[in-house]
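Trainee: My questions will all concern the structure given below.
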Amino acid sequence: MTAIRQIYEACASHFIPSLLRSLDHVINLTCREMDSADWDALLFILKHGDSVKLNLLWTSIPAEQIKFLVFTLDRVSQLSVDKDVLLKLVHYCAAYDAQQGAAVSLLRTLQHCLDLSCSSCVDLVQREPLRLSANDCRDISTILTHSCQDTRLILQDCEVEDSGLDLLFPVLDRVRLQASKAILLQLMSLIPSYSERDRVRRAVSLCRALAGELDLSHTTLPQSAFVALVLMLDGCEELVELDLSHCQLTDQLLDTLSPHLHKVQVLDLSHNNITDASTDQLIKLVSSNPFIRTVRIFSNKILDRASFKKHRQFEIW
């Protein structure tokens, strides 16, 4: 910071390329309390630099400086910030004229990853869940509409209002979603509330955003989420893996679900309450659907395993 300040105060922009080369183009200012003079100096370096990797994790950024940071993102190749600063940047870029490319620049410098979790490397000190309002989600959605490629949206350890999640549905086809199971169940539970046409479209969008892997293990599916699961299974070709282990599934629930499982390649039904009464149904499922590669049914209430051992798709031990 001292070097940056001295170059700025001397208006010695010709020293900036040498400074950046000596730092391997990485400016690491984590965990700092920066005053206005510090920010003016940093912005001067960025304005005259190029391809800077800027690390501002847990660094104080005055609200009035956010817009100036956004204006210099075209000089930044990679940006690291904590989730609170990230949300401030999202709000400003959403309000800023999209034709100026603010949203595109932000996504590029973030390596096309909006990580709002607290369990990730983005924020290790603050363990309180981030509570996203409808306004937060509206601006996140606005940013993502300007994405030119799939963006990772990480919502682990977050709390989101239903009205906010509703605003994210239109951009799910642009993201690869990593969400807590609580949020995933919220999203699924919202789907049946739409018209028949919209619920199918949203179910498919959610399925694609999960990249074909749906992990609902250790959850109890409410009726609305169960309906959404059926829609996802019927409407999406990309659902390759489905994990329903530890979900308290019974023979009755499996009977309802079985007609919709023909597209799944890897199915985990372990640690449930499935009994011998479902044997014929499970064998019929794998026999009539050659795409199914694996069905895990261990730790259920199945006593007679002989029939399953004739089919290599079953894992039961």
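Trainee: Taking 28 Å as the cut-off for C-alpha to C-alpha distance, list the pairs among LYS67/LYS181; LYS53/LYS88; LYS181/LYS284 that go past it.
Mentor: Result: LYS67/LYS181; LYS181/LYS284 exceed 28 Å.
Trainee: What accessible area per residue comes out for the chain, rounded to a whole number of Å², with a 1.4 Å probe? Walk me through the intermediate numbers first.
Mentor: Numbers: 15180 Å² over 317 residues.
On a per-residue basis, the chain sits at 48 Å².
Trainee: I've got another one for you. Using a cut-off of 10 Å between beta-carbons, work out the net charge of the residues near ALA37 (Lys and Arg +1, Asp and Glu -1, ALA37 not included).
Mentor: Once positives and negatives cancel, what remains is -3.
Trainee: Would you mind calculating the relative contact order of the chain from Cα pairs under 8 angstrom and at least 6 residues apart, reporting the percent as a whole number? Provide the component values of the computation, followed by the final result.
Mentor: On the way: 561 pairs, mean separation 27.8, N = 317.
Reported as a whole number, the value is 9 percent.
Trainee: Fully extended, how many nm does the chain gain between GLU64 and TYR194 (0.36 nm per residue separation, minus their Cα-Cα distance)?
Mentor: That pair, GLU64 and TYR194, stretches by 42.7 nm at full extension.
Trainee: Using packing as a proxy for protection, rank 30-40, 60-70 so that the peptide with the highest average count of other Cβ atoms within 10 Å comes first.
Mentor: Top to bottom by mean Cβ count within 10 Å: 60-70, 30-40.
Trainee: By how many degrees, between 0 and 90 and to the nearest 10, does the Cα long axis of helix 181-190 differ from the longest principal axis of the chain?
Mentor: Once rounded, one gets 70 degrees.
Trainee: Would you compute, from DSSP H runs of 4+ residues alone, the mean residue ellipticity of the chain at 222 nm, taking -39500 (n - 2.57) per run and dividing by the full residue count, rounded to the nearest 500?
Mentor: Theoretical 222 nm ellipticity from helices: -11500 deg cm²/dmol.
Trainee: Hey, can you rank 281-287, 192-198 by average C-beta count inside 10 Å, highest first?
Mentor: By packing density, highest mean first, the sequence is 281-287, 192-198.
Trainee: Which one, CYS148, CYS113, CYS236, has the greatest fluctuation when you compute a Gaussian network model over the chain with C-alpha springs under 10 angstrom?
Mentor: Taking springs between Cα atoms under 10 Å, the residue moving most is CYS148.
Trainee: Still on this structure, please answer the following. Once each part is reduced to its C-alpha centroid, what is the distance from the range 7-61 to the range 208-239 in angstrom?
Mentor: 46 Å
The values are calculated or read from the model by the stated rules, or taken from the named source; none is laboratory data. Predicted model only: the values in this text are computed from it and were never measured. Positions of Cβ are backbone-derived with ideal geometry, glycine not excepted, and every protein chain shown enters the neighbour counts. Quick note on the areas: whole protein, heavy atoms, side chains included, nothing else; ligands and nucleic acids left out. Shrake-Rupley method; radii C 1.70, N 1.55, O 1.52, S 1.80 Å.
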